[in-house]
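The values are calculated or read from the model by the stated rules, or taken from the named source; none is laboratory data. From a predicted model like this one, the values you see are computed outputs, not experimental measurements. Methodologically, a virtual Cβ is constructed for each residue, glycine included, from the backbone with ideal geometry; neighbour enumeration extends over all protein chains shown. Surface accessibility is based on the protein's heavy atoms, side chains included, excluding ligands, DNA and RNA. Shrake-Rupley method; radii C 1.70, N 1.55, O 1.52, S 1.80 Å.
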Amino acid sequence: MADHEEITSSTTLDSDQVERTGSTPGPTTRTTSLNGAVAGTPDVHSAGLKIKRAGDAYEAYAGLEEKPTKVEVFGWCFYGLCSYFIHTVLIPIVFPLIISQIASKWPDDNVKLPTELKMIDKGVVCSHKEALLYDRLTNRTITVHNTKYTPLEWTSISWGIGLIVAAPTLGLLSIPLDRGPHQAAIALVATVVGAIFCLSAGFFRTVWIFPPYIAAIIAASTIPATYHTRHLGLMVRGFISGAQFSIRRAASGWLSLAATAAGSLGSAIISSFTYHMLKEDEELMSLWIVSIFSGLKWILGSLHFLTSNRSFSAVTPPISTPFHTFSILRYPHALGSLFSIFLSSLSTMSIFIGTVLFLVGEHCFKPTSLLHFWLTYFLFPLISLPLLHPIQHLLKVNAVKMQILGFAMTAAVSGLGFTFRSKTWETHQVLIFAAIQGTSVGVLQAFGRVLLVDCAPRGKEGAFSSWFVWVKLVGSCVGFAIASAAPGNVTVSFGVSFFTAIGAVVVLIFGSVSDFGGAGHAGHVRDEHQSVKNGDRERGSPVNGVDSHSGVEVKQPLQVTP
């Protein structure tokens with residue numbers, strides 16, 4: 001056979017010709033001489049690169065992605081341990097206490113309090129320090145243009161300012177968090193900025209410094225939280241590798257429950273540290289130490305950014321619209337999940353802050369009993385949440401039904417609290433309620449995140465996650481504001497929590513919110529019948545010569561030409 005003999009290696013279709021003529025042309029022949037000369041393919045020297053690109057494209061198309069390592073999963077859960085407390089303890093508990101000590105009319109504990117502050121309506125006598133602590137939190141000692149605010153209300157205002165700042169920031173960063181090469185660096189910088197404000201919280205002893213301080217911490221915390229939530233979707237895709245949706249449901253549920261349980265442990269650590277520091281004589285300096293420790297712990301969670309920098313898929317849809325952040329409006333299941341997330345954070349924060357103020361102000365709970373309440377509230381999910389996962393898997397309960405379970409527990413606790421608000425609460429009764437409500441908060445947090453991630457299509461996880469974080473914090477801020485506006489009237493907190501939980505159940509049931517339907521609309525369900533049902537158009541294979549139905553490579557037989 002002569003050296004100039006040529007071999008036809010494969011056949012491809014000219015897509016440009018199809019678009020121009022509307023018909024399918026004949027096969028295009030690529031020829032390669034036996035002596036290594038190339039006819040029509042001058043870049044054959046990069047054949048290895050082409051093969052790799054084609055392999056990456058087909059793996060992404062088929063749902064085959066790199067499986068997360070144990071270090072990556074640990075780092076993701078570890079960030080929950082090091083950051084969850086920011087919105088559950090640091091902002092709603094530690095900062096109001098710091099502000100109250102700066103704005104207090106009684107800078108010295110030796111000053112005698114009015115007698116009526118020591119006596120509670122139910123005949124319980126509070127100690128001097130307990131009465132002083134409650135009065136500092138609820139007394140209007142901050143004056144702005146003839147309007148007086150309590151430290152709790154001042155915290156609510158600062159929280160709201162932070163959310164206003166965070167909204168455009170997340171909008172601008174949604175595209176870099178989805179497609180940019182520096183997501184980990186952006187999240188790390190935001191964490192460092194927020195931690196710096198934690199480290200300097202007690203440096204300036206004036207209440208005017210706290211609105212920008214708290215606003216900066218809130219705004220900075222939303223960016224790494226968005227990165228953290230987005231990464232859940234990436235890890236789930238790596239774990240399931242195109243498997244059935246039931247496998248995806250189990251993987252995402254377990255990961256989210258594990259991170260939520262770890263976050264509850266982190267909140268318990270900070271709350272117990274806060275209690276210990278409140279016993280010190282110099283309370284302001286002691287609480288500043290709590291804030292410093294919180295900032296250091298937050299930075300320590302940056303290990304997650306170093307272990308989670310996953311590469312982009314070769315076929316991730318490009319972002320070509322300036323309204324990338326608002327693409328969530330085209331996904332009704334995602335909008336329904338956002339509404340339930342808002343209601344869940346509102347109801348849980350309202351009942352938590354309202355109960356704490358009720359126990360301290362109305363029942364004069366002893367400091368040790370209050371510590372036991374906090375520890376039960378935050379530590380019991382470490383036991384209850386892992387136990388819920390095998391039950392969920394056995395009963396095949398989806399994320400929506402798990403959220404309904406969480407709302408039912410919140411409605412039960414708030415309803416009982418409202419009914420027996422005029423009774424004397426025993427410590428063991430309070431601890432039982434704390435265990436139930438702590439589990440409810442964990443369930444709502446974990447499966448609200450799962451539902452939103454299931455509804456997020458490939459390439460838009462960052463935009464959807466930014467909505468999840470921001471809406472969740474808006475709900476928490478509203479719940480905190482409602483509870484702090486009426487600290488002496490627990491009826492408001494319990495009533496709002498009860499009706500909000502009931503309303504959320506109605507939305508989830510009659511709003512037809514579904515994790516399977518949301519995942520199908522987002523392209524995560526590869527079942528052919530489901531795709532047809534949702535009106536999704538079948539995608540062709542990204543690799544030339546691969547049939548989109550069977551996944552079998554189609555080749556022409558080798559032809560030897562003289």
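For the range 419-440, residues that are under 26 Å from Leu388 (Cβ atoms), surrounded by 17 or more Cβ atoms within 10 Å (Cβ to Cβ) and of a type outside the set (A, V, I, L, M) total 5. Going by what's in this entry, would Leu177 be described as open to solvent by less than 10 Å² (accessible area, probe 1.4 Å) and closer than 30 Å to Ala103 by Cβ? Spelling it out, it is not the case that Leu177 is open to solvent by less than 10 Å² (accessible area, probe 1.4 Å) and closer than 30 Å to Ala103 by Cβ. Within the range 148-184, being at pLDDT below 90 and of a type in the set (A, V, I, L, M, F, W, C) holds for Leu172, Leu173, Ile175, Leu177, Ala184.
Taken over the range 362-388, the criterion of being under 19 Å from the mean Cα position of the chain (by Cα) and open to solvent by less than 30 Å² (accessible area, probe 1.4 Å) is satisfied by Phe378, Pro381, Leu385. Inspection of the range 489-508 identifies at least one residue that is more than 25 Å from Leu255 (Cβ to Cβ), open to solvent by 10 Å² or more (accessible area, probe 1.4 Å) and not in a helix (DSSP H, G or I).
Mind telling me which of the residues Val443, Val513 ends up being among the aliphatic types (A, V, I, L, M) and open to solvent by less than 10 Å² (accessible area, probe 1.4 Å)?
Of the residues listed, the single one that is among the aliphatic types (A, V, I, L, M) and open to solvent by less than 10 Å² (accessible area, probe 1.4 Å) is Val443.
Select from the range 453-487 the residues that are touching a Pro at 6+ places or on another chain (Cβ under 7 Å) and closer than 18 Å to Ile93 by Cβ and list them in ascending order. Selection gives Phe480 alone. Of the candidates Ala185, Ala220, Ala190, Ala215, the single residue that is small (Gly, Ala, Ser), surrounded by fewer than 24 Cβ atoms within 10 Å (Cβ to Cβ) and under 17 Å from Thr155 (Cα atoms) is Ala215.
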